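Single-structure report; data block below.
The values are calculated or read from the model by the stated rules, or taken from the named source; none is laboratory data. Every value quoted in this text rests on a predicted model; they were computed, and no experiment measured them. Here the Cβ positions follow ideal geometry from the backbone for every residue, glycine too, while neighbour counts run over all protein chains shown.
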Amino acid sequence: MTTRGTGAAAGALAVLLAAAGCTTSAGPGGGAPTVSSAPATPSTRPSTRPSGSASASGGGHGWSRQRLRGAVARHTGVTRTARPTVLNGLVGAVFTRNADGDHFCTASVVDSAGLNLIVTAAHCVWDPQLGQRSDLVFVPGYRNGDTPSGVWPLIAVTVDDGWKDHADPDVDVAFAVVQAQNGQQVQQVLGANKLGVGLGYQLPVRITGYPGTSDVPITCANNTTEQSSTQLRIDCPDYTGGTSGSPWVTDFDPSTRTGTVVGVIGGYQQGGDSPDTSYSSYFGDRVQALYDRATG
């Protein structure tokens, strides 16, 4: 496996990889919670091939197996099935409550005074033409139909006015309050990643998310790069539809088993039109202001 950068960046990346608890890739699982199903027309990044596979039938975009392997070799990130670790348990699939079991986005718990906040992509939870998407639930640690940490309905969503007005890709970020369950808030049950704002463009991160074609999450560690002053980019294969909103986590703390989220899959091309390259709106002043609104 190769990685970008040397020295401190490579060392931090190695810590993230160790924290990931990765195994070899697995195919789609079975089962689904009773909360299920995605909307008929989910606004998420395109799905071009099944997750966890190097395209047994030749891959999307008309690629041959040989060409696909060559492309993956140029990516320094390696995507694997995510083991059910404490850190991965902060990440969950987003479902529509009264549907048939298809998850269509990813979200994760982020630290807040109310202990009840998750972060995802704005395009997952707010349609600029129709407004907030209703009846959504967050299922952290979802795996093969099991809901080990409960089902948490979204009760309030905060997005930037630029997203509401014209789907501004520079603020394709949303914070959502989830409803307490059994007298406890989600952060009390699971913990939370910190929010990282203004930390720069070149960071070692790990991304964990749920492809729509799989009932287990995938994970990949790599270094981010600057797509533009308002966008981050990362190369990790097989991040297809359903992974929108997946957190980009850096600064893993072994003592707390948490890190700092500096992005979510979204932004440019609503996360990317290739499953092997993903984007995020840069977490700067506008995201800080959005977080302050959500927690205020």
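Pairs are defined by a Cβ separation below 6 Å, a sequence spacing of at least 6 or placement on different chains, a first member in segment 267-296 that is on the phi > 0 side of the Ramachandran plot, and a second member that is small (Gly, Ala, Ser); the pairs so defined are Gly267/Ser280; Gly267/Ser281; Gly271/Ser244; Gly271/Ser278; Gly272/Ser278.
Here is a yes/no grid of residues against (1) surrounded by 20 or more Cβ atoms within 10 Å (Cβ to Cβ); (2) among the polar types (S, T, N, Q); (3) out of contact with any helix residue (DSSP H, G or I) (no Cβ under 8 Å at 6 or more places or on another chain); (4) in contact (Cβ under 8 Å) with a residue 40 or more places away in the chain:
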position	(1), (2), (3), (4)
Asn182	no, yes, yes, no
Gln188	no, yes, yes, yes
Gly196	yes, no, yes, yes
Pro204	yes, no, no, yes
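Where strands (runs of 3 or more DSSP E) fall wholly inside segment 193-296, the ranges with 2 or more residues that are over 16 Å from the mean Cα position of the chain (by Cα) are 225-228, 247-253. Residues that are charged (D, E, K, R) and in contact (Cβ under 8 Å) with a residue 12 or more places away in the chain within segment 233-266 comprise Arg233, Asp235, Asp238, Asp251, Arg257, listed in sequence order.
Could you tell me whether any residue of segment 133-143 is surrounded by fewer than 19 Cβ atoms within 10 Å (Cβ to Cβ), under 20 Å from Val91 (Cβ atoms) and acidic (Asp, Glu)? The answer is no; no qualifying residue exists.
Can you confirm whether Thr106 is touching a Lys or Arg at 6+ places or on another chain (Cβ under 6 Å), modelled with pLDDT of 95 or more, outside any helix (DSSP H, G or I) and buried (at least 18 other Cβ atoms within 10 Å of the Cβ)? Answer is no for this residue.
Sub-6 Å Cβ pairs linking a first residue in segment 160-174 that is within 17 Å of Cys105 (Cβ to Cβ) and modelled with pLDDT of 95 or more to a second residue that is part of a loop (DSSP other than H, G, I, E, B) and not hydrophobic (A, V, I, L, M, F, W, C), at least 6 apart or interchain, are Ala167/Pro128; Pro169/Gly267; Val171/Asp160; Asp172/Gly266; Asp172/Gly267, ordered by first then second residue. Close Cβ contacts (under 6 Å, 6 or more residues apart or on different chains) running from residues in segment 103-117 that are within 12 Å of Gly191 (Cα to Cα) to residues that are at pLDDT 95 or above and aromatic (Phe, Trp, Tyr) comprise Leu117/Phe175.
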